[in-house]
Structure formats: C-alpha cells, structure tokens
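Asker: Just passing along the structure, written as structure tokens.
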Amino acid sequence: MRYHAPARDAVDPAVFARPPLAAWRDCAVLLEGAEWPSIRQLNDLLPATSSHRFVAQTPALLADGLHYEQRIAGRGEIATREGNWHDLLNALVWLRHPAIKQALNRRQMAEIGRMGPKLRSRAQYAMTHFDEAGVLVLLRDPALLALWDAHDWHGLFWRQRQAWRDGAIELDVFGHALLEHALSPDKLLVGKALVFLARGDADIRQLRAACAQAIGTGRVLDDPLQLRPLPLSGIPGWRAESDAEAFHHGAPCYQPRRADRRYPAAQQLD
C-alpha cells in the first residue's frame, strides 16, 4: 500500500524530538514551521559554490522529456514538488549529503547510458533503494555482524543493546522516504544499510566521505540484495516498546533470514 504522509498541520510535533528526525533539528524551521518552505528558501541554503539548485517540478519543467537524473546531471536542476514532504526531505538530504547524492547521480547516469532511460538495471534498483531508505552504518565491533548476518534481532538489539549506546555501532539515516515514514509515529522503520568497519577514531564525517567514494567507484550498490535490512525501530531509544524484551521476539519489523541470503563483507573505513 502506498504511503501517504500526514498533512503538515496534522504531524505530531513529538516525532521531531525522536530518532531519526531528531537528528535534523537544525532544520526545525523548515520542518516544523507553519508554512512550507519555498524553493527560494531551499536554494538560499545551498553553498555559493554549488553546481546544483532546486527547481519547482511543474508541467512545464516535465515537458522537456528528460529523466529526473538527466536534469540533475545536465542542468544541475533538482526537480522538487512544493508543499510535499517527500521532496522537502529529499532537498534536506541534498543539503546535508551533497557528495553522496552526486555520486548516486553519476552512477545513475552511467546506467542510463548503458540501459537507456526506460529500462532499469539491478544497480539502479539498488541505488534507488538506498536513496529512498538508505542508512550509513559505522561499526567498531565486527562481532555484531554475525548477529546481523543471521537476523538475530534479539541478540543485536536486546542482548547487545549497550553497543548502540556506547558507540560500538553508529548510524546516519540518509533515505528521504525513511524520514518521511518517520512522520507517522505508528510506523515501524526498516532501513537499507551500507556498513563500514572502522578503526580508531573514525567519525560520521569520515563515514559520509567513504560512502560517497564507495558509491562513486562502484564498490557498492550493484544489486539490491547487497543492502542489509536494518530494523531501526529496534534500536534502544527509538521507540518506547523496544525497552521491553518481548518486542525483540516478535516485532513485525523483524524478518527471518532466507536460507539463501548472503550479505557482502563490510567496507573498510581507514
């Protein structure tokens, strides 16, 4: 069933104080204000050196017949529907993660050149899944991967819940559709994760740079099955229900691993 975000004035203000939207409090005026931000307001937030800008998605714009990605690559225009949660959150991700967004666009353009604008490759599906629901994960304890590989959600989120609190595993939500779903407090969120194994004092800034590089060089996102499902609602502090052990035995967001499912090794973050 297609998701329909709540009207702007119907959003429960409490969702902006909880993960993942709590990480976007620097955008509170744009997200929580009474009025929708305009395209001009969004463009005013771009750095002066930016080669991209947001443009209103109108029938006149779409009449050019170009693919969404072609418009970005050729004219630097990011088509954006005004008064729309999905596109507003996409714009905010562009503002925070321009290098990752540009890497995705370059890869998409390479696939469009290979497949044509009407067909889609496995790599394009993978990139779209990540663009919509992606999560960047910084992992300092490789032992947690065994639990994740096995879909041992009780182990990953309950027995090892301290790992989520002490920095053994950190994440950065990238997908704008995932952020849109977070507007509805009843939604159990599941992300599509790229995992980077860190040594030393690596931080989220380095994680973002490594992700952009890995996407740009084609080391990741060749197939949707390379993405690891990550039930975000199980993370301590994300939902009140996850404070009870019973949640981790049967929450609908927890799916068993298929017998033939295998995940790639985590990327190394030096």
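Asker: Per residue of segment 182-195, in order, report the coupling 6.51 cos²θ - 1.76 cosθ + 1.60 (Karplus, θ = phi - 60°) as ³J(HN,Hα) in whole Hz, putting x for Gly and Pro.
Answerer: Computed from phi, the couplings for segment 182-195 are 5, 5, 9, x, 7, 6, 8, 8, 10, x, 10, 9, 10, 10 Hz.
Asker: Please list, in order along segment 37-48, the HN-Hα scalar couplings obtained from phi with the Karplus expression 6.51 cos²θ - 1.76 cosθ + 1.60 (θ = phi - 60°), rounded to whole Hz, x for Gly and Pro.
Answerer: Karplus values, whole Hz, x for Gly and Pro: x, 7, 4, 4, 4, 5, 5, 5, 8, 6, x, 4.
Asker: Now a separate question. With a Förster radius of 25 Å, plug the Cβ-Cβ distance of ALA48 and TYR68 into 1/(1 + (r/R0)^6) and report the FRET value to the nearest 0.05.
Answerer: For ALA48 and TYR68, the calculated efficiency is 0.50.
Asker: Cα axis of helix 204-216 to longest principal axis of the chain: angle in degrees, 0 to 90, nearest 10?
Answerer: 60
Asker: Non-local amide H neighbours of VAL55 (under 5 Å, H modeled in plane, Pro and chain starts lacking H): which ones?
Answerer: Residues meeting the criterion, in which the H sits 1.01 Å from N, are ILE78, ALA79, THR80.
Asker: So, by mean Cβ neighbours within 10 angstrom, what's the order for 226-239, 108-121, 194-207 with the highest one leading?
Answerer: Listed from highest to lowest mean packing, they are 226-239, 194-207, 108-121.
Asker: Calculate the tail of P(r) for the chain: the fraction of all Cα-Cα distances greater than 25 Å, expressed in %.
Answerer: I get 48 percent for the Cα pairs in the chain exceeding 25 Å.
Asker: Sort out for me the Cα centre separation of segment 176-235 from segment 56-113, rounded to whole Å.
Answerer: That distance is 20 Å.
Asker: With θ set to phi - 60°, apply the Karplus curve 6.51 cos²θ - 1.76 cosθ + 1.60 along segment 248-253 and write out the HN-Hα couplings as whole Hz, x wherever there is a Gly or Pro.
Answerer: 7, 9, x, 5, x, 6
Asker: Which residue, CYS27, CYS211, CYS253, has the most motion in a Gaussian network model of the chain that connects Cα atoms within less than 10 Å?
Answerer: Sorting by GNM fluctuation, first place goes to CYS27.
Asker: Going by a ≥ b ≥ c, the root eigenvalues of the Cα gyration tensor, does segment 84-203 fall in the rounded group (a/c under 1.5), the prolate group (a/b larger than b/c) or the oblate group?
Answerer: Judged from the Cα gyration tensor, segment 84-203 comes out prolate (a/c at least 1.5, a/b above b/c).
Asker: Also, quick follow-up: Shape of segment 132-269 from its Cα gyration tensor (a ≥ b ≥ c, root eigenvalues): rounded if a/c is under 1.5, otherwise prolate when a/b > b/c, or oblate?
Answerer: Rounded shape, in that the Cα axes give a/c under 1.5.
Asker: For segment 140-216, restrict the atom set to alpha-carbon positions and state the Rg and Dmax in Å.
Answerer: Rg and Dmax of segment 140-216, Cα atoms, are 13.8, 38 Å.
Asker: Let me ask something else about it. How charged is the neighbourhood of ASP26? Take every other residue with its Cβ under 13 Å from the Cβ of ASP26, and add Lys/Arg as +1 and Asp/Glu as -1.
Answerer: Neighbour charge sum, excluding ASP26 itself: +1.
Asker: From the Cα gyration tensor of segment 22-127, with a ≥ b ≥ c the square roots of its eigenvalues, which class applies: rounded if a/c is under 1.5, or else prolate if a/b is larger than b/c, or else oblate?
Answerer: prolate
Values in this text are rule-based calculations from the coordinates and carry no lab data. None of these values were measured; they are calculated from a predicted model. Positions of Cβ are backbone-derived with ideal geometry, glycine not excepted, and every protein chain shown enters the neighbour counts.
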